[in-house]
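The values are calculated or read from the model by the stated rules, or taken from the named source; none is laboratory data. Since this is a predicted model, take the numbers as computed values, not measurements. As a convention, Cβ positions derive from the backbone with ideal geometry for all residues, glycine included, and neighbour counts pool all protein chains shown. In case anyone asks, the SASA skips ligands and DNA or RNA and just uses the protein heavy atoms, side chains included. Shrake-Rupley method; radii C 1.70, N 1.55, O 1.52, S 1.80 Å.
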Amino acid sequence: MNPALSSTPFASDGPSTASTAVQPLLEVENVRRSFGGLVAVDGVSFRVLPGQIKGLIGPNGAGKTTLFNLVCGLLRPDAGRIAFQGRPIEGWKPYRIARAGISRTFQNPSLFLQMNVLENVMVGRHRRARRGFLGCALRLPGQAAEERAIRQAAMQQLEVVGLAHLAMFPAGSLPFGQRRLVELARALATEPRMLLLDEPASGLNTKEKEDLADLIRQIRDRGITLLLVEHDMSLVMRLADEIVVLHHGARIAEGPPQVIQNDPTVINVYLGGNLDHATSSQES
Amino acid sequence: MNLMRRIPPLLPFLLCAGVMVSLQQLMRATGTQYCLTQLTMSLYYAIVVMGLCLLMGHAGQVSLGHGAFFAIGGYTSAVLTTHNFSAWGHSSLGGWLQQGRVLIAKEDVFGNAILTVSPWAAFLAAMLLTTLVALLIGYPALRLRGHYLAMATLGFGLIVSKLLVGSTLTGAADGINGVPPWPLAGSLTVTGKTAARVQNYYIACALVLLLLLLLRNLLRSRIGRALQAIHDRETAANAMGINTAAYKLKVFLLSAWLAALAGVFFTHFTGGIGPSEAGAFKSVRYVALAAAGGMANLWGVTVVSTALNYASLRGWFGSLDNAVFGILLIVIITLAPQGPLKPLGAWLRRILGLRNLSEERLERS
């Protein structure tokens, strides 16, 4: 086990900030995942309450993306428990987790490049429609109406992210920042309970980051819980209600931004100042 | 796809039907109606390529084994409609099957009374067997990607072709002859008889048009988008709630059905089928034709595949058939990787003074 875990004051408190009265939307308990000899995520636990914006931070290689992929089903945990709305979801395929109400964006926007912007978002409506192969091929009654509804709902999401005017553009023709937003619209189109954003601000300029922060707050105000992995500290500190800090695959701190900001372990990890800590984490 | 939104949706189908009728009229006027036989065969082959357009062009899954599905369809029909089941005639099952018109009594060429399966029942059996085989092959194979999937399907095709050559039931290297006509409905009959040549050409035309319409509907729906999403980014498609494994299997099955359907019609039309239909070379040719037609372009693959197969069946390329075929495919793929129809359409629009759609769109937005 990572000695850094036991040496931090916050880790020993457990998920203290989670109120016992509210049932957490997402519970991650002692989740562990290794790749060959490398333990990427080592017994991490945290909870996300409904309506929260939870930040997940840590230096490069801390295991943030791995943890993310464990939650959304791209990876299977070696051990531990992940529950969504009280239901265990670890080991589920990503599409099942998506249907359960968790949607996500990717670190590198992964749009469907042979479609236009609107069609990309319409794919997000997939699980909200029913017609199968036969119904679509024969245009059975109701199919046209369903198709119109998909188009309308997708258009609405594009309006939310402010890209309605680009609906008919090929997805591949958009600049990086706008691809991010299309991806966000696509994730929102699934009507998730919870949205996982993997480094949504990376590659964005200052203005775009500001807009993104507003957008994320708007999304939260619509009742969607957010978990975001982010490198941009100032953005996370402003947005998140609570932050989990990962280092070498282990949780080293958890709490509200002000507490995290002043946490000595976190400062050490980010500034790399403490020699003791550096040696202890190498031993792990 | 983009073009369709501005043009009345059924116009391409009417145009295509118009071309089909004009071709027949032209051949009648020039006294070359015998060419309709090869054109009909080419249309049936085109159905296999349409299936590949769906599977490869839209869902992004390779198959080098679709010749085998064509053969499974054709051979099942051929065996069931030519094999003598009179041994079953006296059993209660045989009697029951005869009452249900599944087994029909008739005479063979020597005047002996025989009992064979009716073409419609054989057709259903062919589709059933295809379903079974496609699911059995598709379930494990579709877990593979790219080259590995190609190798697996190629192997499957080789196995089927070797089984057909090695089995006396399927006539070994000779294949099966004397497959009876298939009375579809009323006086419509799938047969190679000279008198029914024009009728059969139109049956094939109608089938191709109908399938084109159904596939176009399918592709322009949530299913079509889901398939395209799997092609473009499988991980993201899965994260959007699309059961990618199930969709890949379904589209594989659908394309196998199309190949088998073509095989059944083809076999009744030509009155027989040989083991070369299942060969790896045929399967590769279907894939090459799909590529030459633009892979994801339903109209492109249909037109290109029909035209090239027709030229090949008419023997235009002589003994250099495969070589000329290969050169043509290379030329099309290098000069017009989206298939020849799209550049042709753009050229026509320019000639007719129509503005490019994408330009117009940019202005509108």
inquiry  = At a 10 angstrom cut-off on C-beta neighbours, averaged per residue, how do the peptides A:89-100, A:27-38 rank from highest to lowest?
reply    = A:89-100, A:27-38
note = Computed over chain B: longest principal axis from alpha-carbon atoms vs helix B:280-292 long axis, angle to nearest 10 degrees, is 30 degrees
query = Can you give the mean number of other chain Cβ atoms that lie within 10 Å of the Cβ atoms in peptide A:84-97?
reply = 2
message = Below 8 Å between Cα atoms, with a sequence gap of 6+, how large is the relative contact order for chain B in percent?
response = 30 percent
query = Counting partner chain Cβ atoms within 10 Å of every residue's Cβ in A:117-124, what's the average?
reply = 4
key: Euclidean distance of C-alpha centroids, segment B:206-236 and segment A:181-209, integer Å   = 28 Å
note = In nm, the gap between the two label points placed 7 Å beyond Cα toward Cβ at A:Ser34 and B:Ala17 is 6.8 nm
key: All-pairs alpha carbon distance profile, segment B:2-364, 20 Å steps from 0, percent   = 27, 56, 15, 1
query = Any idea what angle helix B:222-232 forms with the longest principal axis of chain B, computed on alpha-carbon atoms, 0 to 90 degrees, nearest 10?
reply = 70 degrees
remark   = note: segment A:111-190, Cα-Cα separations exceeding 15 Å make up a percent value of 52 percent
Heavy-atom accessible surface that B and A bury in contact, both chains counted, 1.4 Å, Å² to 100 = 3200 Å²
query = Across all directions of projection, what mean area in square nanometres is found for the Cα convex hull of segment B:15-105?
reply = 10.1 nm²
key: Longest segment of chain B lacking chymotrypsin sites (Phe, Trp or Tyr not before Pro) that sit in a DSSP loop with at most 14 other Cβ atoms within 10 Å   = B:111-315
inquiry  = With a cut-off of 8 Å between alpha carbons and a minimum separation of six or more residues, what is the relative contact order of segment A:17-170 in percent?
reply    = 19 percent
inquiry  = How much of the DSSP bridge set in segment A:133-255 is antiparallel, in percent, rounded to the nearest 5?
reply    = 50 percent
query = If Lys and Arg each add +1 and Asp and Glu each add -1, what is the summed charge of the other residues whose beta carbon sits under 12 Å from the beta carbon of B:Val117?
reply = +2
inquiry  = For a protection proxy built on the mean count of beta-carbon atoms within 10 angstrom, sort A:47-58, A:141-152, A:244-255 highest first, please.
reply    = A:244-255, A:47-58, A:141-152
query = How many Cβ atoms of partner chains, on average, are near each residue of A:104-114 if near means within 10 Å of its Cβ?
reply = 4
message = Greater than 28 Å separation of Cα atoms is the criterion. Which listed pairs, B:Lys162/B:Lys193; A:Lys64/B:Lys250; A:Lys64/B:Lys248; A:Lys64/A:Lys209; A:Lys93/B:Lys250; B:Lys193/B:Lys250, meet it?
response = B:Lys162/B:Lys193; A:Lys64/B:Lys250; A:Lys64/B:Lys248; B:Lys193/B:Lys250
message = So for segment A:111-190, averaging the separation of alpha carbon pairs under 8 Å that are six or more residues apart and normalising by length, what relative contact order in percent results?
response = 53 percent
request  = Calculate the all-directions average of the projected area of the protein assembly as shown's alpha-carbon convex hull, and give it in nm².
outcome  = 36.5 nm²
request  = Return the percentage of antiparallel bridges among DSSP beta bridges fully within the protein assembly as shown, rounded to the nearest 5 %.
outcome  = 65 percent
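Around B:Tyr75, with a cut-off of 14 angstrom between Cβ atoms, what is the net charge of the other residues, counting Lys and Arg +1 and Asp and Glu -1?
Details: positive: B:Lys162, B:Lys282; negative: B:Asp174, B:Glu277.
Local net charge: 0.
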